[in-house]
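Structure first, then comments.
The values are calculated or read from the model by the stated rules, or taken from the named source; none is laboratory data. The structure displayed is predicted, hence computed values, not measured ones. Neighbour counts run over all protein chains shown; Cβ positions are idealised from the backbone, glycine included.
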Ligand SMILES: NC(=O)c1ccc[n+]([C@@H]2O[C@H](COP(=O)([O-])OP(=O)(O)OC[C@H]3O[C@@H](n4cnc5c(N)ncnc54)[C@H](O)[C@@H]3O)[C@@H](O)[C@H]2O)c1
């Protein structure tokens, strides 16, 4: 298990799914955690669970589409816990319009990288992790129930288009920031999850042909659990990953192996 004792982590999207599981996991590995989310009640609920289990966490409201708020939250985390070592740019949406998806899934990550890398570089280095997706590496396919008419194809093209563009952008930003800040002790990596059982995939999972279709995409024959992404995030956050930077790590049950 990675050791995150003496580390302080800021996690966005920490109210739900992958962010929540990662906050709980990193706290379990010894990190102090700032749980940030648009859903402040959810972020506080995650922090409460950590504190009840003897950890040290705080929940806060953050809209990652606001660059000043992202910068302020980075500074607040360092002030609250005395330092900051790990930033997990994880907040994201599915099913939004082009503008919404680019604002949250791409610009939101960029602001975390832009302000986060500078902060870490000025304070002895650290680890940044971004949540990309298999959609940051390859194109997406839909279940046949979603692809029966041209209108449905167009809807898929629009929805998948913004998500693909944002997540491919996250993969590129990960490599660029790793190169730019490498010599300043800042490691930058991304995780590319396959389909994970979180509220984000609920709609797709509830289609009549959804579960079978989704399972069939992954050679392991199942969807992933948020805890399986959290364990990769904890590893990349830790000193066990000290020579790993610029990587977009698929954690996808084999989705991108074919
Ligand atoms: N679930 C999957 O199958 C899957 C697969 C690949 C990648 N991802 C990515 O993983 C990340 C987490 O997704 P999840 O599955 O845990 O979804 P989720 O819906 O369970 O959690 C997303 C969280 O992000 C928060 N959020 C949304 N917009 C925000 C904003 N503007 N500012 C701050 N917080 C905001 C939400 O309130 C929510 O708590 C996303 O980036 C998503 O694109 C998910």
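Would you check which residues across region 138-153 are assigned to a helix (DSSP H, G or I) and surrounded by fewer than 16 Cβ atoms within 10 Å (Cβ to Cβ) and list them?
Listed by number, the residues that qualify are 144, 145, 150, 151, 152, 153.
Out of all the residues in region 143-163, which are under 21 Å from residue 218 (Cα atoms) and either out of contact with any helix residue (DSSP H, G or I) (no Cβ under 9 Å at 6 or more places or on another chain) or touching a residue at least 60 places away in the same chain (Cβ under 8 Å) (or both)? Hits for region 143-163 are 143, 144, 145, 146, 163. What are the residues in region 185-205 that are over 22 Å from residue 257 (Cβ atoms), more than 10 Å from the ligand (Cβ to nearest atom) and modelled with pLDDT of 95 or more, if any? Residues satisfying the conditions are 185, 186, 187, 188. Per the listing 158, 227, the residue uniquely part of a helix (DSSP H, G or I) and farther than 30 Å from residue 117 by Cβ is 158.
Among the residues making up region 25-44, those that are surrounded by fewer than 23 Cβ atoms within 10 Å (Cβ to Cβ) and more than 11 Å from residue 91 (Cβ to Cβ) are 28, 29, 30, 40, 41, 42, 44.
Restricting 160, 117, 135 to residues that are within 25 Å of residue 238 (Cβ to Cβ) and surrounded by 14 or more Cβ atoms within 10 Å (Cβ to Cβ) narrows the list to 117.
One residue stands out among those in region 236-258 that are assigned to a loop (DSSP other than H, G, I, E, B) and under 15 Å from the mean Cα position of the chain (by Cα): the one that is surrounded by the most Cβ atoms within 10 Å (Cβ to Cβ), which is 252. Remark: pairs (first residue in region 36-52, within 14 Å of residue 25 (Cα to Cα); second residue away from the ligand (no atom under 13 Å from the Cβ) and modelled with pLDDT of 95 or more; Cβ separation under 7 Å; 6+ apart in sequence or on different chains) = 47/57; 47/58; 50/27; 50/33; 50/57; 51/57.
It is to be established whether one or more residues within region 118-126 are within 11 Å of the ligand (Cβ to nearest atom) and either part of a helix (DSSP H, G or I) or touching a helix residue (DSSP H, G or I) at 6+ places or on another chain (Cβ under 7 Å) (or both).
no
Would you check if there is a residue in region 165-176 being within 30 Å of residue 242 (Cβ to Cβ) and without any contact (Cβ under 8 Å) to a residue 24 or more places away in the chain? Looking through region 165-176, at least one residue is within 30 Å of residue 242 (Cβ to Cβ) and without any contact (Cβ under 8 Å) to a residue 24 or more places away in the chain. Of the candidates 108, 142, 159, 95, the single residue that is modelled with pLDDT under 95 and within 12 Å of the ligand (Cβ to nearest atom) is 95.
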